[in-house]
Structures are given as structure tokens and as C-alpha cells.
Amino acid sequence: MKTAEKQRIQQQFQEKMDYDELLNCMRCGFCLPSCPTYIESGKDEAHSPRGRIALMKAVVDGDIEPDEEVKRSLDMCLGCRACEPVCPSGVNYGHLLEQARDIIYQNQQPSLPVKALRKAAFKGLFPHHNRMIALTGMLGFYQRSGLQTIARKSGVMKMLPESMQLMETVLPSVPTSKLMKNRPRHLQPAATTKKKVAFFSGCLMDTVFLPTNDATAKLLQYAGCEIVIPETQACCGALHGHSGEKQQAKALAKRNIEAFEDTEVDYIITNAGGCGAFLVDYGHLLKDEEGWQTRAEKFASKIKDISSVLIELEFHKQNLVLENEVITYQDSCHLKNVQKTFMEPRQLLESIEGAAYVEMKDAGRCCGSAGIYNLVESEMSMQILDYKMKQTKAANAKTVVTANPGCLLQMKLGIEKEGLTKQIRAVHIVDLLLEAYENSNKQ
Amino acid sequence: MLTKEIKQQLTAIVGPENFADSKASQLVYSFDATPQFQAMPDAIVSPRNKVEVAEVVKCCSQHRIPLVPRGSGTNLSAGTTPQQGGIVLLFKHLDQIVEIDEENLTITTQPGVNTLELIEAVEAKGLFYPPDPSSMKISQIGGNINENSGGLRGLKYGVTRDYVMGLEIVLPNGEIIRTGGKLAKDVAGYDLTRLFVGSEGTLGIITEATLKLIPMPETKKTVLALYEDIDAAARTVSKIIASRIIPTTLEFLDQPTIKVVEEFSNIGLPTHVKAMLLIEQDGSTQTVEKDIEDISEICRENEAIEISVAKTEADAEALRTARRSALSALARLKPTTILEDATVPRSEIAKMVKAINQIARKYDVEICTFGHAGDGNLHPTCLTDARNKPEMERVEQAFEEIFQTAVDLGGTITGEHGVGAMKAPYLHLKLGEAGISAMQGVKQAFDPYNIMNPGKMFAKSSRKRVVVSP
Ligand SMILES: Cc1cc2nc3c(=O)[nH]c(=O)nc-3n(C[C@H](O)[C@H](O)[C@H](O)COP(=O)(O)OP(=O)(O)OC[C@H]3O[C@@H](n4cnc5c(N)ncnc54)[C@H](O)[C@@H]3O)c2cc1C
Ligand code: SF4
Ligand code: SF4
């Protein structure tokens, strides 16, 4: 890093970082045992929440420069926010991390390939639903045309980091462009209307994981929801916000608020923990944008995860049946740590007849997916995943249930990596619930 | 600064991956849980075994480099801040339980083992290791031994010291010695084991410890007593002890503390009362029933407005967890939280609580009090803002008066957090000059070059300083 760059970053740290929040950390260390990177780095304080906060504060105080090591420490953070619920001082680490990353990325020369990847993905892809469709379409072509087989055989894949190689094998077969373009906009409940909800479809969920979105809609219908799906909605902006592209994130947030503002619904439903947590935080994201905070907070107050609304509508009391199998649940970090939704998915799973729910050890610990972390910090991500797979195997489960697309892919990746594709499957909770519901109705 | 040559020597001993001296790594090891204290080390070294520890110590001794052993850095007395630079020594590779001996009821462990993990390991075998500092989820056994930590169960079961039977120590000259052992009785020479417990890393480095275990008590019950009047609660504490009942736990929380703890833990603590006592008794079912009845009676006689017994172990654990979070939860209220641990004989607890409140008013500072009331160990905690200089001066004066009051009541300046750099300027209040020189003599005998955790325990000057950064 150049001196001028460091000085710029330091100055902006002094101007923009929330110093009261930094001081709020009393360095008690209560967060250490919950931090996956602290544990996996062999207890290195530089990779702990307490250490990261101290580094941010030291940059503001002028005690150290924001050098490569400082950046490294922040890059290694999963952003899983497991450090927050355990912090008795109530430090909002997520906000601090976002502020710090934003400053660093804004001031960095785009030299690294990582930066290029980010830029391509964040500016060119996620904000544009049609481009997502096009890309996903290409992926579909790649999978269906035989190119995939050629690529795998040629050894080209071997040149990518392990996580990327594996990712390529576990991506689901994607839907055709036609399917992705013709989405329903308004759906009626199966029986009487209990709630009117809007559905936040999410960019990844509405392309690569389209069937899961369809399943979500069906569950909501069975549970008694009238559903609206505003067409003008956009990507939630989480990947941008977590990777220091705050302006982009803000623009997306405004688009979403506008898209949902006139829907007059009880809730806005998400089925991706990562998106939900970011949507809930729009009030904070837009706090400095004139005229937006109240609108943002109103929007945020309506966000609800699918599990949570299903429990409220007593879907767990419906007949849900699976054939004898052991299932386990891997928390979505943001669903658990930010939206505080962790009882509901378990309650739903426990209500399935024929399935034995087993809690895996440290189910609440991050799987290492964390946005694009598994691609840019492959080594640490794989180390964290190895631990997760160890616990999955110990739980003896046939089905690992997740609540976020990133986690789902990561768990699939772990299964592939362990060579267990025949023994274990990873599913999104809504797909499993739909399977269980339809099973029972078939009988 | 370490010379290139010394760096090479150290790296050769521990391997390059166990030596760090980047600015960022220096910074993250420059502080512990003590507010307002920070000092940069020159390097961080993580030896892989005791032989490497000894090698590192020899190297430091030869070049007169300060050596600061560090557990999890949760101490509250600036015990691990490298006041004079040098090397921070980590025990991340010495993190194994060596043996649980079910015949002799002992556990032998390396210092880097986490306290809670150790407790769980022995409980899995139906045995009991009582010292349970509130930080046990994070702290290491090596840190506990060196601070002689106490915990919620200290009233009945004592503190860490009461469980340390033997130690393996690397002395400041690099020699490795063993003290004590799995022996119920041992009078061969001076009791070095006891000397090293609570020595705050100033005499040597502990590389292994043998700890005493006891059988798991049959059952346990938890009572919560609420008060409209702080004095009544404090009086209850003295009365329970005077009635010859020794509960496992007897914790005191005042209203401001209850409020923040409830806000953090959300378990339905009543926030309208002025004080509350958390009382636990364990033992045989019969004794526990009787004691809990007697204790409830004493609470009632002393104006408790409500007394309730926890219905399930989960409820009881929620109460204990809430109590353990008291300190950090208080930190929510103000930017700077300064916690003290003045301790008095338990008969004096009511007087001490009263005095603390008067002193807080006199200096116009906000002090919340909670603590292990049963063993006379209170934690008056000051909520302030280090940026407010005039207030900080008043805080300092208030604490000095609190220390003096504790000593006047036959107490001490610190019950369990240690002296470190923070309380070194006050040590004379408790020991007097002659006491301090006796201790300095001991230090000199073990560590003639003053390389072990220098700047701790003994103040250079008598300049008082609770809170001002070095
Ligand atoms: C929220 C909170 C609650 C707390 N509650 C309690 C409580 O209830 N009771 C209590 O007594 N304390 C309590 N403490 C204080 C602290 O947690 C204890 O002193 C604990 O024992 C420190 O352990 P550690 O591993 O963090 O040691 P550190 O803080 O890293 O070190 C403590 C001392 O031990 C020395 N040391 C560490 N390892 C070795 C070794 N192997 N050889 C030689 N010297 C060594 C260090 O040099 C230092 O002087 C609390 C602290 C916090 C933040
Ligand atoms: S738990 Fe909270 S206050 Fe304690 S060190 Fe971690 S972030 Fe800081
Ligand atoms: S967000 Fe996750 S990885 Fe980052 S510091 Fe917190 S617990 Fe650790």
C-alpha cells in the first residue's frame, strides 16, 4: 500500500468511524470463544473481534497505520456477527466492520483480481436482474451443452482455488431463461386469507435457486397468505454492503423501499437469511440520507423470515411427513445473530413426522460461506467448513437443512469435498417442508 | 526493539510461524481487559513445549528482554500489558489436559487450557473443580493460577489457590522446577506452590499444574431475594454467615446493575427493587433443603420483599449467567467502565456498601456495586468517560478513598483481580513499606534481572494512578 493511500484511509477512519461504538468495546473478551476465525487461526487476537475493534480504534487514534496487516485482519473476518449476541456491552460489530471496509475499499487501487471479481459481480451483475438471468442462462448452457464435461476433463478447473473448483460442481442445474423471466406477481392463498404478504425474491434465489422460491410461494399459499411480488424490486445489496460498496448498497435499498412501499402488506417475507438481515438494517444504512430513514425503518419493520411467519401461521401443526431420516440444521449466521430467528426453523423441523431431528454441535457457528468469502479467502473458509463437516458427520444426519443460499451451496460443497454425495444431502428448509407437506397430502 | 540477532535466535527456537512482530500483531497484544492501559510489545512468541519455553526464557535472560506471559488477556489489573515492551509469551500450543487421575482426585493440565473446558472435562467424570471466575468461558488455567482467581462458588469452596497442588515452573534463569505434587501432605521445604499462585507472571512461567478435584455435590438450589433497601440486603449477608451457614454462592447486585443485566439477558429480573441477592447452596438433598429454608427465613427477617427459589436448573443457570455478565453489561452505559475489587471481612459488608455510596455522592461520580458479597469481595464499578478529564480526577480520588476505607475496615485493595500495573501505586496501603520490601526481596531472589513481567506489582514511584494512560 502506498503512503498516500494509507494517509487517506487513516483520515477517513478519523472522520467516519463511530468512535463511541469503538469505545463501547471494553475488551472483556467475551466474544472470543464465538469467533470462528479466532478459533481456526489458533487463537490469534488479530483474527478476533476484540483485536479487530482494537485495530480500527488504533487507526483512528493514529497509533498504527492502516497497513496490509490491518487490512488482512479485516479481510479475514467472515462478517458472521456471532460476536454480537454474546457481547454484553452490546457492541454493534457489524456496523463497525462495514464502515471500516467501506473506507478501505473506496480508497484502494483496483489492482487485485479480487477487486476485479468484486467489481464485475457487484456493479455489473447483482443489481441487474436481467443480467443475472443472462449469466445464469449461460451457466445453464454451460451445464447442458457438454462444455461442463469438457472443462472438467481438460483440467482447466484445477487452476482455480479449491473452493471455486468445488463450487463449480455443486451449483444446481439452473432453470431456463424463459422460466426466470416469467415470474408470477400476485398469488392467492390455498384456502382463507390469514395474512397479506409481499415476497422479497432476492437475486440469487430468483435465478439459480428458482425452484426454492417457487416452493416458498407454495408454502405461503398453503399457510394462508395472499402474496404480492413487486416486479421493480432489486438485489438486497448485502454483498455490496459487506464488501465495502456502500453507495451501491444504498441505491439498491432505495429501489427496494420504493418497490414495496405501496404494497400494504403485513409482512415482507424473505427466504435468505443473509438478505433478511441486511434488509432489517436499512434504517441504519440510510440514516444519513435525507428523508429516507423513516421510510427505511418502516420497510425494515415488516421483514420476516419464512420460518418465522410459518410458525406464526401454525404451519407446524399441519401434517408434515418424511420417510424415516435423520435431519439436522445449520444456522444461517445472519438469520440467527441479526434477525434472532433460530428457534422457529428447529420447531418446524421437529414437527415433521418420520424425521428425527438431531442438533449438531456448534450448529450456530458459521459454515465459512459468508458471501463471497469462500472464494476470496478459500483457505480459511475450507478450514471452517472442515470443522462443520466433522460435526455434520457426527450428527449422523442424512439431510442438512439450511436457510440461506450461500450456506446451502457451502454445505453442498462440504458434502462433495468429503465424497459423501451418496449419503448426505443439503437442502433449503422450504424445499424440505414442501416435500414433507406434499408427502402427507399424497398419502 | 529486538535486534536482528535476537529475532533470529527466537525464531530458531519456536519456528517462524510462532514468532510475530508486525505492527498489527503488536497492537492486538498491547492491552487486556483493563481500561486505559496499553503498551506495545516488541514481539509475540508462542513456544510449542516447555523446552522451548525454557529456551526463550534463557534467551531473554541473556539479553535482558522483558517477558510477559499471557493467557487470554482478561485480567482487570493491567497484568499483561507490556509496560516495558519485550516479548508477549502465548500458551496456545500448551493447551492439553495431561491427565485426570480418578484415584487421587487430581487433574494435571497445561496452562493454556480454557477454564470452562477443564471444568466440563472433570464434570464428565462426576468430579468437581469449583473455582469459576465469571470469565471462565474465556480465561486460561494459567491466568487463573497467576491471578489466584475466585468465582461465584468461592464463598464455600475457596479460590484457585485452594486447588493448586503442584506446579511445573520455568524459572527466570531457564531452569525447570517442580513443586508439590499429588500429595495431600507435603512439608519438604518452602511452599513454593503457594508463592507462585497469584504471582502475576512476575516470578516465573507455569508450564504445568496439578489441581485438586472434589466429588460432585449431590444437588444444588438457587434462591433470589429482593430488597427495597440496600442496607437490608447487606445486613442479610452478614446475618447468614453469622448463623453458621456457608452457602456456595452469595452474590449482591444493586439496582443500576440489575437494570443493565436485565437489559442484556432478558430473563425477567425485577428492575424496580433496590438490591438483590443471588444465593446458592449445594450438598446432600437434606442439607440443601434445610439450609435454603433457613436462608429464606433470614432474608425475610431482614426485610426481603420477595424470595423465590429457581424451579429448574435452566432457570438457575440463567440467573448465574446473568450475574456473570454484570461487568460487561454495565459497560453499555458509559464509554469507560472502571471496576474495582476492594474486599473487606464479610462482617463489614454492610458498612462497606454504605461507604461506597457516600463516597460516590461526595465526589459526584456514578458507581454501581455488585459482587461476591458473601466473601466480602465487592465490585464497585465506576461508569465514566475517559475523555472527561475533571471527572476522571474525581474518579481517582473516589477510588483512593474506597481503598483506604476497605483497608481501615480490615480489608484489602484487591480481592481477586490482582495488582498488576493498575494497583501497584496502592499496594503500600495494604502492605506498608516494610511489607513491600519483603516482597521485593522475594522478587529479586527469583528474578535478579527483572525480566519477568516488569512494571507490575511494584510501583516505580508512589504516584497514584487508577486510570490515566501511561
Ligand atoms: C467480564 C470479566 C469477569 C471477570 N470475573 C472474574 C471473577 O469472577 N473472578 C476473578 O477472580 N477474576 C475475574 N476476572 C478477571 C480475569 O478474568 C481473571 O483474572 C482470569 O484468571 C485471567 O485469566 P487469563 O487467562 O485471561 O489471564 P491473563 O489476563 O492473560 O493473565 C493474567 C496474569 O497471569 C499471568 N499468566 C498467564 N498465564 C501464565 C503462565 N502460564 N505462567 C505465568 N504467568 C501467567 C499474566 O502474566 C498475568 O499477570 C474477570 C474479567 C472479566 C473481563
Ligand atoms: S464481547 Fe463485546 S465488549 Fe467484550 S471484547 Fe468482545 S466486542 Fe468488546
Ligand atoms: S463477524 Fe464473525 S468472524 Fe468477524 S469478528 Fe465477529 S465472530 Fe469473528
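The values are calculated or read from the model by the stated rules, or taken from the named source; none is laboratory data. The structure displayed is predicted, hence computed values, not measured ones. FYI the Cβ positions are ideal-geometry reconstructions off the backbone, even for glycines, and counts take in every protein chain you see. Each accessible area value is taken on the protein alone, full model and side chains, heavy atoms only, with ligands, DNA and RNA left out. Shrake-Rupley method; radii C 1.70, N 1.55, O 1.52, S 1.80 Å.
Round to a whole number: what % of the accessible area of chain B belongs to carbon and sulfur, probe 1.4 Å? Can you show the working numbers first?
Working: 9210 of 18380 Å².
Using a 1.4 Å probe with all protein chains present, chain B comes out at 50 percent carbon and sulfur.
Would you mind giving the mean number of other chain beta-carbons within 10 Å of the Cβ of each residue in A:60-71, as a whole number? Each step should come with its number before you reach the end.
Details: counts 0, 1, 0, 6, 7, 2, 1, 3, 2, 8, 4, 1.
Average neighbour count from other chains, rounded to a whole number: 3.
Run the numbers on the stretch A:309-375 and let me know its relative contact order in percent, using alpha-carbon pairs under 8 Å that are six or more apart.
Values: 70 pairs, mean separation 28.3, N = 67.
Relative CO of the stretch A:309-375 lands at 42 percent.
Within 10 Å of each Cβ in peptide A:40-48, how many partner chain Cβ atoms are there on average? Round it to a whole number, please. List each step's numbers first, then the result.
Values: counts 0, 1, 7, 10, 8, 13, 9, 1, 2.
Averaged over the peptide's residues, the number is 6.
Find how much the distance from residue A:390 to residue A:290 grows on full extension, using 0.36 nm per residue of separation minus their present alpha carbon separation; answer in nm with one decimal. Before the final figure, lay out the partial values.
Working: separation 100, 0.36 × 100 = 36.00 nm, distance 4.90 nm.
Length gained between residue A:390 and residue A:290: 31.1 nm.
Return the inverse of the average 1/r over all pairs of distinct C-alpha atoms in chain B, which is the Kirkwood hydrodynamic radius, in Å to one decimal.
Values: mean 1/r = 0.0435 Å⁻¹.
For chain B, inverting the mean 1/r across all distinct Cα pairs yields 23.0 Å.
What GluC sites (Glu not before Pro) does the stretch A:345-392 have in DSSP loop regions with at most 15 other beta carbons within 10 Å?
Numbers: sites: A:350, A:353, A:359, A:377, A:379; in loops: A:359, A:377.
Those that pass, being in a loop and sparsely packed, are A:359.
Where the centroid of each part is defined by its Cα atoms, how far is the stretch B:385-440 from the stretch A:325-401 in Å?
The stretch B:385-440 and the stretch A:325-401 have Cα centres spaced 49 Å from each other.
Round to the nearest 10 and give me the degree value, 0 to 90, for the angle of helix B:255-265's Cα axis relative to the longest principal axis of chain B.
The answer is roughly 70 degrees.
Near residue B:215, within a Cβ-to-Cβ distance under 12 Å, what is the net charge of the other residues, with Lys and Arg +1 and Asp and Glu -1?
Numbers: positive: B:125, B:212; negative: B:102, B:123, B:218, B:282.
My count for the surroundings of residue B:215 gives -2.
Rg over Rh of the stretch B:105-157, using C-alpha atoms and the Kirkwood radius, what does it come to? Numbers along the way, then the final one.
Numbers: Rg = 10.4 Å, Rh = 11.2 Å.
We get a ratio of 0.93 for the stretch B:105-157.
Show me B:300-313, A:32-45 ranked by packing, highest mean number of other Cβ atoms within 10 Å first. Intermediate values should be presented prior to the final figure.
Numbers: B:300-313: 15.0, A:32-45: 22.0.
Ranked by mean Cβ neighbours within 10 Å, highest first: A:32-45, B:300-313.
If each of residue B:187 and residue B:99 carries a label point 7 Å out from its Cα toward its Cβ, how far apart are those two points in nm?
With each label point 7 Å from Cα toward Cβ, the separation is 2.7 nm.
In the stretch A:1-34, which trypsin sites (Lys or Arg not before Pro) fall in coil by DSSP and have 11 or fewer other Cβ atoms within 10 Å? If you can, show how the numbers build up before the last one.
Details: sites: A:2, A:6, A:8, A:16, A:27; in loops: A:2, A:27.
Loop-located and lightly packed - A:2.
To the nearest 20 Debye, how big is the dipole of the protein assembly as shown about its Cα centre, given +1 on the beta carbon of each Lys and Arg and -1 on that of each Asp and Glu? Spell out each step's value before the answer.
Values: 104 positive and 115 negative charges, 473 e Å.
That gives the protein assembly as shown a dipole magnitude of about 2280 debye.
So what's the net charge close to residue B:346: Lys and Arg +1, Asp and Glu -1, counting the other residues with Cβ under 14 Å from its Cβ? Walk me through the numbers on the way to the answer.
Details: positive: B:156, B:235, B:239, B:244, B:351; negative: B:251, B:348, B:375.
Net charge in that neighbourhood comes out at +2.
With a Förster radius of 45 Å, plug the Cβ-Cβ distance of residue B:388 and residue B:438 into 1/(1 + (r/R0)^6) and report the FRET value to the nearest 0.05.
Calculated transfer efficiency: 0.70.
In Å² (nearest 100), what accessible area is buried between B and A, both sides summed, heavy protein atoms only, 1.4 Å probe?
On the way: alone 19660 and 19220 Å², together 36320 Å².
For chain B against chain A, roughly 2600 Å² becomes buried.
Using the per-residue mean of other Cβ atoms lying within 10 Å as a proxy for protection, in what order, highest first, do the peptides B:122-131, B:378-387, A:365-374 fall? Please report the intermediate quantities before stating the final value.
Numbers: B:122-131: 17.7, B:378-387: 21.5, A:365-374: 25.6.
Highest mean packing first, the order is A:365-374, B:378-387, B:122-131.
Under the rule of at least 5 residues apart or a separate chain, name every residue whose amide H is placed under 5 Å from the amide H of residue B:149.
B:160
Please label the shape of the stretch A:3-107 as rounded, prolate or oblate, based on the square roots a ≥ b ≥ c of the eigenvalues of the alpha-carbon gyration tensor (a/c under 1.5 means rounded; beyond that, a/b larger than b/c means prolate, else oblate).
Details: a/c = 1.95, a/b = 1.48, b/c = 1.32.
Note, shape of the stretch A:3-107 comes out prolate.
For the protein assembly as shown, what Kirkwood radius comes out of the mean inverse Cα-Cα distance, in Å? The partial results should precede the final answer.
Details: mean 1/r = 0.0334 Å⁻¹.
Taking every pair of different Cα atoms in the protein assembly as shown, averaging 1/r and inverting gives 29.9 Å.
Averaged per residue, what accessible area in Å² does chain B show with a 1.4 Å probe, protein chains only?
Working: 18380 Å² over 470 residues.
Result: 39 Å² of accessible area for each residue.
What list of ³J(HN,Hα) values in whole Hz, one per residue of the stretch A:59-71 in order, does the Karplus curve 6.51 cos²θ - 1.76 cosθ + 1.60 (θ = phi - 60°) give from phi, with Gly and Pro shown as x?
5, 4, 5, x, 6, 9, 8, x, 8, 4, 5, 5, 4
Could you tell me the calculated FRET efficiency between residue B:244 and residue B:364, based on Cβ-Cβ distance and R0 = 30 angstrom, to the nearest 0.05? Kindly include the intermediate steps, with their values, before the conclusion.
Numbers: r = 41 Å, r/R0 = 1.38.
According to the calculation, E is roughly 0.15.
Using mean Cβ contacts within 10 Å as the protection proxy, how do B:388-399, B:363-374 order, highest first?
Details: B:388-399: 17.3, B:363-374: 23.1.
Sorting B:388-399, B:363-374 by mean packing, highest first, produces B:363-374, B:388-399.
Lys and Arg at +1, Asp and Glu at -1: add these up for the other residues within a Cβ distance under 14 Å of residue B:6 and post the number.
0
Do me a favour and compute the ellipsoid semi-axes for the stretch B:1-98 from its Cα gyration tensor, root of five times each eigenvalue, largest one first, whole Å. All intermediate terms of the calculation are to be shown ahead of the outcome.
Details: eigenvalues 85, 55, 26 Å².
One finds semi-axes of 21, 17, 11 Å for the stretch B:1-98.
Calculate I(q)/I(0) for the stretch B:317-401 by the Debye formula, one identical point scatterer on each C-alpha and no solvent, and give its log10 at q = 0.18, 0.20, 0.22 Å⁻¹ to two decimals.
-0.78, -0.93, -1.07
For the stretch A:166-310, just the Cα atoms, rotate onto the principal axes and tell me the three extents in Å, largest first.
Rounded to whole Å, the extents work out to 43, 42, 26 Å.
Using a 10 Å cut-off on Cβ to Cβ distances, tally the other chain neighbours for every residue of B:28-37 and report the average as a whole number. Please report the intermediate quantities before stating the final value.
Details: counts 14, 5, 5, 7, 4, 6, 2, 3, 0, 0.
Rounded to a whole number, the mean comes out at 5.
Mean separation of Cα pairs under 8 Å and 6+ residues apart, divided by the residue count of chain B: what relative contact order is that in percent?
Details: 1012 pairs, mean separation 74.3, N = 470.
Over chain B, the number comes to 16 percent.
Can you give the extra length, in nm with one decimal, that the chain gains between residue B:404 and residue B:311 once fully stretched, where that is 0.36 nm per residue apart less the Cα-Cα distance? Present the calculation step by step, with values, prior to reporting the outcome.
On the way: separation 93, 0.36 × 93 = 33.48 nm, distance 4.20 nm.
Length gained, residue B:404 through residue B:311: 29.3 nm.
Return a whole-number percent for the relative contact order of the stretch A:315-442, with Cα pairs under 8 Å and 6 or more residues apart as the contact set. Before the final figure, lay out the partial values.
Numbers: 198 pairs, mean separation 42.2, N = 128.
Across the stretch A:315-442, relative contact order equals 33 percent.
For the stretch A:397-443, build the convex hull from the C-alpha positions and give me its volume per residue in Å³. Spell out each step's value before the answer.
Working: hull volume 3.2 nm³, N = 47.
Convex hull of Cα atoms, per residue: 68 Å³.
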